[in-house]
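J.: Have a look at this one before I ask anything.
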Amino acid sequence: MADKQISLPAKLINGGVAGLIGVTCVFPIDLAKTRLQNQQNGSRLYTSMSDCLIKTIRSEGYFGMYRGAAVNLTLVTPEKAIKLAANDFFRHHLSKDGKLTLFKEMLAGCGAGTCQVIVTTPMEMLKIQLQDAGRIAAQRKLMPETVAAGTVETKSPTAMQLTRELLREKGIAGLYKGLGATLLRDVPFSIIYFPLFANLNELGKRGAEGPAPFYVSFISGCLAGSTAAVAVNPVDVIKTRLQSLNRGSTEDTYSGVTDCIRKIMRNEGPSAFLKGAYCRALVIAPLFGIAQVVYFLGVGEFLLSFLPKKDN
């Protein structure tokens with residue numbers, strides 16, 4: 001069979017559009033996930049995802065559920081574009097020498113996850129601060145005993161203020177706090193997600209050469225995404241804790257991944273590593289289901305078709 005070429009610009013556009021649509025749909029659940037994961041024993045403000053969203057709307061209004069969305073929507077375009085396009089790129093080149101084995105599929109996912117972290121870490125760092133600001137503010141009002149004496153209530157910072165502060169105090173490394181934990185989350189996620197999606201999607205193809213129907217791609221993306229999300233949730237909890245800069249006076253601080261694991265195990269028990277797991281599954285499932293549908297619809301190829309063709 002002739003070697004099929006891939007259009008990297010089209011793949012990047014597909015990934016970006018897919019990410020924008022998906023994140024807009026599921027961002028409130030992602031906010032609940034961050035706040036639930038950051039809660040520690042003695043400072044539990046929310047009992048569940050629905051309780052978190054209800055209290056967020058009551059105290060911060062409807063748009064309080066979209067704290068940090070601007071950062072996510074701005075940076076999710078290159079993040080999703082890099083992840084999906086990189087996986088296609090690696091799969092394409094790894095299949096040149098023969099059949100694309102499961103090991104090669106996992107290797108392609110590993111490469112995609114590694115490339116994605118370049119954009120993911122700063123985005124997650126800023127997003128988590130903005131998402132968690134409402135939890136800290138609510139603690140001041142409803143649980144004043146968890147706030148250090150003499151602490152002055154301040155307005156929630158903007159993404160630009162956080163960026164400037166981190167760059168001034170710690171340089172570019174400040175935006176990459178939690179890089180190790182992000183790698184430990186995103187690389188295994190991609191290793192699990194992409195091969196699982198490809199094989200599930202393959203089962204729904206109409207013929208040997210024909211693409212799978214859009215609903216098969218959607219279901220495959222949802223199943224593969226939720227499976228991978230739950231599998232790496234313990235590392236996501238660690239990453240969220242390490243990247244959170246503001247805490248209540250009774251909450252632990254961590255010096256690194258090992259210290260975080262040790263303190264969580266000692267103070268909260270193993271079940272703490274599953275905090276926000278169902279929220280994360282609810283975020284990732286439709287996010288990647290929508291992403292794969294948009295991706296396979298070929299939006300990028302359609303848009304690029306309007307550009308003037310170069311004469312040969």
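The values are calculated or read from the model by the stated rules, or taken from the named source; none is laboratory data. None of the values given here were measured: they were computed from a predicted structure. Cβ sites come from the backbone with ideal geometry, for glycine too, and all protein chains shown count toward neighbours. Accessible surface areas use protein heavy atoms only, side chains included; no ligands, DNA or RNA. Shrake-Rupley method; radii C 1.70, N 1.55, O 1.52, S 1.80 Å.
J.: Would you kindly find the accessible area of Cys25, with a 1.4 Å probe and non-protein molecules such as ligands, DNA and RNA excluded, rounding to the nearest 10 Å²?
T.: 80 Å²
J.: At a 1.4 Å probe radius, which order do Met123, Met160 fall into by accessible area, largest first?
T.: Met160, Met123
J.: Taking the range 9-124, how many lysine pairs are there with alpha carbons less than 17 Å apart, if each pair must be eight or more places apart or span two chains?
T.: 5
J.: Also, quick follow-up: Would you calculate a helix-derived [θ] at 222 nm for the chain, using -39,500 (n - 2.57) for each DSSP H run of n ≥ 4 and dividing by the full residue count, to the nearest 500?
T.: Here the helix-only value at 222 nm equals -23500 deg cm²/dmol.
J.: Here's something else I'd like to know. What angle, in degrees between 0 and 90 and rounded to the nearest 10, separates the Cα long axis of helix 214-231 from the longest principal axis of the Cα atoms of the chain?
T.: Long axis of 214-231 versus the principal axis of the chain: about 40 degrees.
J.: Based on the Cβ-Cβ distance from Ala231 to Asn199, what FRET efficiency comes out when R0 is 22 Å, to the nearest 0.05?
T.: For Ala231 and Asn199, the calculated efficiency is 0.85.
J.: Beta carbons within 10 angstrom, averaged per residue: use that to sort the peptides 27-39, 89-101, highest first.
T.: 27-39, 89-101
J.: Find the Rg to Rh ratio for the chain, where Rh is the Kirkwood radius over alpha-carbon pairs and Rg uses the same atoms.
T.: Answer for the chain: 1.01.
J.: Using a Förster radius of 25 Å, what is the FRET efficiency between Ser271 and Ser50 based on their Cβ-Cβ separation? Nearest 0.05, please.
T.: 0.80
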